[in-house]
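Below is one structure; the comments refer to it alone.
The values are calculated or read from the model by the stated rules, or taken from the named source; none is laboratory data. Being a predicted model, the structure only gives us computed values, none of them experimental. Virtual Cβ from ideal backbone geometry, glycine too; neighbours counted across all protein chains shown.
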Amino acid sequence: MSRIYNFSAGPAALPLEVLEQAQAEMLDWHGSGMSVMEMSHRGKDYMSIAAKSEADLRQLMNIPDNYKVLFLQGGASSQFAMVPINLFNGKKSADYLLTGQWSKKAVAEAKRYGNVNLVADTTDSKFTTVPDEASLKFDPEAAYVHYTPNETIVGVEFDYIPDTGDVPLVADMSSTILSREIDVSKFDVIYAGAQKNIGPAGLTIVIIREDLIGHANPAMPVMLDYKTHADNDSMYNTPPTYSWYLAGLVFARLVKLGGLSAVEKINQRKAEKLYKAIDDSPFYSNPVDVHCRSWMNVPFILANADLDAAFLEQAAANGLTSLKGHRSVGGMRASIYNAMPEEGVDTLIAFMKEFENTQA
Ligand SMILES: *Cc1c(COP(=O)(O)O)cnc(C)c1O
């Protein structure tokens, strides 16, 4: 068996120990005589898997008791709709921060349900920065404020949490959840597709303050009402059982590693050394303002784009894959989520130096 270092933005690498545990439990989970995939979601065994998974996530993120954790499907993209459907609640408009391709999609979807007020728009910078905190003028009458703490495509990450006063703050944390400690009580809704930093695709996690549940637009499908899922412990219909189980294995591993404070230190170190390698070299560059560079998604451009194909080919030959940048940005992007070991980043940096030297 040979495993490569997979820098994919998502679906992304999973921790080897988690895959090994899933493999060991594949045919017979804890003496049940069946795979988790084959279990009824209403049976005692699966209920225990679901409960442990939620308990570990609550412990990891220190989620207050007045927040529900929902295990849903439909990806973060469905949350672009569920947020306005559930939170507009008779208000005239919602505030959005447009800071990249994902928040742009969230804005477009919200406009189908109500007025969107753009409190910030960094399009002119080609999304290489975040708005100055002092420049943000929120509408105190807004239904909610939505933003994307980490924009996965350009690799720009807020270095502050917007202070919205009494207006609910909604965050699309798809590519930054679990990468560092956060104070959940500063947010009102957090959502994330699982396939970046949690587990396999197919699972979407929503963490929501309880009193925001129960105000959905009644014309919308019950499946899009947070209350449907909250009232049924995310089992109104069949949940994505296997993805939820694997996410639970990831949570348990992070708890064992020492929680998010330990994970944060590793992630900071990984990101800092990769950015340093980029900044120290005249051959590589990253366009994002230094104070808001993402810890999880690190785009970089080669001085000569004609060498992109050779870079990718030789990287793959060295066991470093999925480094091609998003088509809208070009160049390279290394996604270094929790499951990317530090040795993977070290190997990438060594390869980058070697490649640069052979071009000189
Ligand atoms: C990947 C991503 C999405 C889209 O997620 P899906 O689960 O594919 O719908 C949305 N927002 C951010 C920040 C992402 O990184």
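Within region 89-107, the residues that satisfy the criterion of being over 20 Å from the mean Cα position of the chain (by Cα) and either within 16 Å of the ligand (Cβ to nearest atom) or farther than 19 Å from Thr148 by Cβ (or both) are Asn89, Gly90, Lys91, Lys92. Comparison of Thr152, Thr123 shows that the only residue that is within 16 Å of the ligand (Cβ to nearest atom) and hydroxyl-bearing (Ser, Thr, Tyr) is Thr152.
Would you please name the residue that is farthest from the ligand (Cβ to nearest atom), looking only at residues in region 177-188 that are assigned to a loop (DSSP other than H, G, I, E, B) and out of contact with any helix residue (DSSP H, G or I) (no Cβ under 9 Å at 6 or more places or on another chain)? So, considering only residues that are assigned to a loop (DSSP other than H, G, I, E, B) and out of contact with any helix residue (DSSP H, G or I) (no Cβ under 9 Å at 6 or more places or on another chain), the one farthest from the ligand (Cβ to nearest atom) is Asp183. For region 316-360, the tally of residues that are part of a loop (DSSP other than H, G, I, E, B) and more than 30 Å from Leu254 (Cα to Cα) stands at 6.
Residues in region 207-238 that are among the hydrophobic types (A, V, I, L, M, F, W, C), exposed (fewer than 13 other Cβ atoms within 10 Å of the Cβ) and farther than 18 Å from Phe71 by Cβ: Ala219 only. Residue count for region 163-176 under the criterion of being within 16 Å of the ligand (Cβ to nearest atom), out of contact with any Gly (no Cβ under 6 Å at 6 or more places or on another chain), of a type outside the set (Asp, Glu) and in contact (Cβ under 8 Å) with a residue 60 or more places away in the chain: the result is 3. Within region 136-186, being closer than 30 Å to Ser285 by Cβ and of a type in the set (Val, Ile, Thr) holds for Thr148, Thr152, Ile153, Val154, Val156, Ile161, Thr176, Ile177, Ile182. Only one entry of Ile213, Ile190 meets the criterion of being farther than 15 Å from Ile85 by Cβ and either in contact (Cβ under 8 Å) with a residue 12 or more places away in the chain or in contact with a His (Cβ under 9 Å, 6 or more places away or on another chain) (or both), and that entry is Ile190. Here the helices (runs of 4 or more DSSP H) wholly within region 189-296 that include at least 2 residues being within 16 Å of the ligand (Cβ to nearest atom) are 241-256.
Taking into account only those residues within region 54-77 that are small (Gly, Ala, Ser) and under 24 Å from Lys186 (Cβ atoms), which is nearest to the ligand (Cβ to nearest atom)?
Step by step, filter region 54-77, then rank; the result is Ala76.
Residue count for region 286-305 under the criterion of being free of Cβ contacts under 8 Å to residues at least 40 places away in the same chain and farther than 12 Å from Gly330 by Cβ: the result is 2. Cβ-Cβ contacts under 8 Å between residues 6 or more apart (or on different chains), taken from a first residue in region 311-324 that is in the same structural domain as Pro299 (by TED's automatic domain parsing) and within 15 Å of Lys353 (Cα to Cα) to a second residue that is in a strand (DSSP E or B) and among the basic types (Lys, Arg), are listed as Leu312/Lys324.
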